[in-house]
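The values are calculated or read from the model by the stated rules, or taken from the named source; none is laboratory data. The shown structure was predicted, so the numbers you read here are calculated from the model rather than taken from an experiment. Please note: Cβ atoms are built from the backbone with ideal geometry, for glycine as well, and neighbour counts cover all protein chains shown.
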Amino acid sequence: MDKAQIHEIVLVGGSTRIPKVQKLLQDFFNGKELNKSINPDEAVAYGAAVEAAILSGDKCEAVQDLLLLDVAPLSLGLETAGGVMTALIKRNTTIPTKQDSNVHNVLGQPAWCAYPGVRGQRQATKDAGAIAGLNVLRIINEPTAAAIAYGLDKKVGGERNVLIFDLGGGTFDVSILTIEDGIFEVKSTAGDTHLGGEDFDNRPGGSLCERVPEEIW
């Protein structure tokens, strides 16, 4: 998808309030106006609450006929002999999905084992919810939840491509979704769990420390 095909750019996360961040994003999209219609600090929680209402069978009219088609944020696969990973479900594949593959033993050695770790964080979240007495119905990406908050009350006819730009809390995530007639279809998602937070605090400080000796001398 070309950036010219994006209809809306929605800002999520406290760090999107930084003017420089907004300017860089707007410049990248050739001056396109940014959508600030939702509260960047509340959008994720709001969207997650809507999805929870749908999954729990709530009969509220506002959530009727809504459907979320999410994607796998990471590739899932098998680890074969020699530590080589063979992807079965590739990243950004629409879920739920089903894949199968044939593997063979070589010289009597086990040919494969379940690839570890790729869903570790999500399972840890479910476990933490169970410890807290919560029924974790589903785990969705933050930008996807924000898209639900944005699109819930939109009655615009036709298909709209929406980019969710989520920057805050030490993480950076971007998702592209298509919204049409209550169907939220995630096309692609990606992120950086190390961008933001301390990065934004340390870099200006480091730059200042480098410039002080130059200014003095």
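Within the stretch 1-23, being surrounded by 11 or more Cβ atoms within 10 Å (Cβ to Cβ) and of a type in the set (A, V, I, L, M) holds for Met1, Ile6, Ile9, Val10, Leu11, Val12, Ile18, Val21. From the list Ala149, Ala145, the one residue that fits, being surrounded by 13 or more Cβ atoms within 10 Å (Cβ to Cβ), in contact with a Phe, Trp or Tyr (Cβ under 6 Å, 6 or more places away or on another chain) and modelled with pLDDT of 70 or more, is Ala149.
Which of the residues spanning the stretch 15-53 are under 30 Å from Leu137 (Cβ atoms), of a type in the set (S, T, N, Q) and touching a residue at least 12 places away in the same chain (Cβ under 8 Å)? Answer for the stretch 15-53, where residues must be under 30 Å from Leu137 (Cβ atoms), of a type in the set (S, T, N, Q) and touching a residue at least 12 places away in the same chain (Cβ under 8 Å): Ser15, Thr16, Asn35, Ser37.
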